[in-house]
Amino acid sequence: MAGSPTQRTLKKLRDDGWLVAVVEKWNAHSMIRQDLFGLIDVIGLREGETIAVQTTTGSNVADRVQKIADSDKVDMIRK
């Protein structure tokens, strides 16, 4: 499957009826990508639902799961 993890996520969510937006940004000063709240790459909205997505490759899933688990913001985001 071609495309970045973010591109694939956007396509899948759109195909499933979500209104989606990329919320990570490029920080040219630091030369890094910054996720919303340090965790979120994509936001999706659909009929009263909101989804926050951290995109990654298969080989980095464990690192991303740990990143989310270690975040001091995850409890607030989940509410």
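The values are calculated or read from the model by the stated rules, or taken from the named source; none is laboratory data. Bear in mind the structure is a predicted one, so any value in this text is a computation, not a measurement. Note: ideal-geometry Cβ built from the backbone for every residue, glycine included; neighbour counts use all protein chains shown. Remember, those area values only see protein heavy atoms, side chains included, never the ligands or the DNA or RNA. Shrake-Rupley method; radii C 1.70, N 1.55, O 1.52, S 1.80 Å.
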Extreme residue, most open to solvent (accessible area, probe 1.4 Å), among residues of region 54-79 that are over 17 Å from residue 12 (Cβ atoms) and assigned to a loop (DSSP other than H, G, I, E, B): 79
Within region 31-53, tally of residues that are in contact with an Asp or Glu (Cβ under 6 Å, 6 or more places away or on another chain) and open to solvent by 70 Å² or more (accessible area, probe 1.4 Å): 1
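Does residue 45 count as at pLDDT 95 or above, part of a helix (DSSP H, G or I) and touching a strand residue (DSSP E or B) at 6+ places or on another chain (Cβ under 7 Å)? Before you say what the answer is, go through the steps one by one.
Details: at pLDDT 95 or above: yes; part of a helix (DSSP H, G or I): no; touching a strand residue (DSSP E or B) at 6+ places or on another chain (Cβ under 7 Å): yes.
Taking the combined requirement at face value, the residue does not satisfy it.
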Residue under evaluation residue 28, criteria (1) free of Cβ contacts under 8 Å to residues at least 12 places away in the same chain; (2) under 23 Å from residue 76 (Cβ atoms); (3) of a type in the set (A, V, I, L, M), criterion not met: (2)
Unmet criterion (only one of (1) in contact with a Phe, Trp or Tyr (Cβ under 9 Å, 6 or more places away or on another chain); (2) touching a residue at least 24 places away in the same chain (Cβ under 8 Å); (3) within 20 Å of residue 72 (Cβ to Cβ)) for residue 41: (1)
Matching residues in region 34-52 - criterion: being within 20 Å of residue 7 (Cβ to Cβ) and more than 12 Å from the chain's Cα centre (by Cα): 45, 46
Extreme residue, nearest to the chain's Cα centre (by Cα), among residues of region 6-24 that are surrounded by 13 or more Cβ atoms within 10 Å (Cβ to Cβ) and in a strand (DSSP E or B): 22
